[in-house]
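J.: Attaching a single structure in structure tokens format; questions to follow.
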Amino acid sequence: RGYVPLAIEIDRTADVDTLCLGGDLKSAFAFHRGKYVFLSQHFGDLDNKNIYDCFKSNIKRFAALHGFSEKKIAADLHPGYYSSNMFENVGVRIQHHKAHIASVIAEHRLKGKVIGFAFDGTGYGDDGAIWGSEVFIFDEGKVHRAEHLDYVKMLASDEVSKNADLALSCYLGGNELVDKAIKNNINIVLSSSMG
């Protein structure tokens, strides 16, 4: 985000203008045209209606300012994200942590086989679990999740990602209500997150 309003040149060429939408927290968007990626400013969390409205209107404003048209749209894999559901014609859905590693590869113009570590809280995984501590192998467009922390049962709530005491209770036990929910598989998800 520190490059705004400058474009970043990468080695991958977009065949058409592509709108890239990330996750709902700490939201930003980008347009990819040719070999350049144009990043927006930071907006905040899209669960706030004012921020959501500002985000969406700024996509239109940014596109008009630069003459972009979103011929292709890429969004986060998470099916419940506001950003992932903002447009009907999303053509590419990408796992959040794979996107982090891919952005580093693009920014630094890395070639060949690359190993990437993603320790980034939470992201909806390809298997429907909540990922958060992955080792990926990128090899010329192919991505393999080579390793991850063991899955832990966590409460299926955004509160777990914001409340360290609640997350700790999921890992170590000691909270009667949380312990019962986990034991009985009530509103839980599997998570490989580091924290």
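J.: Skipping prolines and chain starts, which residues have an amide H placed within reach, meaning under 5 Å, of the one on Asp45, given they are 5 or more residues away or on another chain?
T.: Lys26, Ser27
J.: Further question on the same structure: Hey, what did the chain get for relative contact order, percent, Cα under 8 Å, at least 6 apart?
T.: About 15 percent, as a whole number.
J.: Ignoring everything but the protein chains, give the 1.4 Å probe accessible area of Tyr36 in square angstrom, nearest 10.
T.: 100
J.: Another one. Can you pull the accessible area of Asp150 for me, 1.4 Å probe, Å² to the nearest 10?
T.: In the full protein context, Asp150 sits at about 130 Å².
J.: On a straight-distance basis, which lysines could pair with Lys183 in a cross-link, Cα separation under 24 angstrom, same-chain partners fewer than 8 positions away excluded?
T.: Straight-line reach from Lys183, under 24 Å: Lys153, Lys162.
J.: Please list, in chain and number order, the residues 5+ apart from Lys35 or on another chain whose amide H is under 5 Å from its amide H, with Hs placed from the backbone.
T.: Sorted by chain and number, the residues that satisfy this are Ala14.
J.: May I pose another question? Counting only the heavy atoms of the protein chains, how much of Lys111 is accessible to a 1.4 Å probe, in Å² to the nearest 10?
T.: So the heavy atoms of Lys111 present about 140 Å² to solvent.
J.: Still on this structure: Give me the count of lysine pairs in the stretch 1-83 whose alpha carbons sit under 18 angstrom apart, restricted to pairs 8 or more positions apart or on different chains.
T.: Eligible lysine pairs with Cα atoms under 18 Å apart amount to 9.
J.: Follow-up question, since we're still on this one. Between rounded, prolate and oblate, where does the stretch 1-151 land on the alpha carbon gyration tensor, with a ≥ b ≥ c its root eigenvalues, rounded for a/c under 1.5, else prolate if a/b exceeds b/c?
T.: Oblate.
J.: Taking Cα pairs under 8 Å and at least six residues apart, what relative contact order does the stretch 95-188 come out at, in percent?
T.: 19 percent.
J.: Excluding Tyr52 itself, calculate the net charge of residues whose Cβ lies under 10 Å from the Cβ of Tyr52, where each Lys or Arg counts +1 and each Asp or Glu counts -1.
T.: The answer is -2.
J.: How high is the relative contact order of the stretch 39-111, given as a whole-number percent (alpha carbon pairs under 8 Å, six or more residues apart)?
T.: 21
J.: May I pose another question? Hey, got a sec? Which GluC sites (Glu not before Pro) in the stretch 1-99 land in a DSSP loop and have at most 14 other Cβ atoms within 10 Å?
T.: Glu88
J.: Work out the charge dipole of the stretch 85-195 with +1 on the Cβ of Lys and Arg and -1 on the Cβ of Asp and Glu about the Cα centre, then indicate which of Ile182, Ile130, Leu168 is farthest towards its positive end.
T.: About the Cα centre, the residue reaching furthest to the positive side is Ile130.
J.: For the pair Asn185 and Glu159, what calculated FRET efficiency results from E = 1/(1 + (r/R0)^6), where r is the Cβ-Cβ distance and R0 = 25 Å, to the nearest 0.05?
T.: 0.85
The values are calculated or read from the model by the stated rules, or taken from the named source; none is laboratory data. Nothing here was measured: the structure is a model prediction, and the numbers come from that model. Ideal geometry is used to build each Cβ from the backbone, glycine not excepted, and the neighbour counts take in all protein chains shown. With ligands, DNA and RNA removed, areas are computed over all heavy atoms of the protein, side chains included. Shrake-Rupley method; radii C 1.70, N 1.55, O 1.52, S 1.80 Å.
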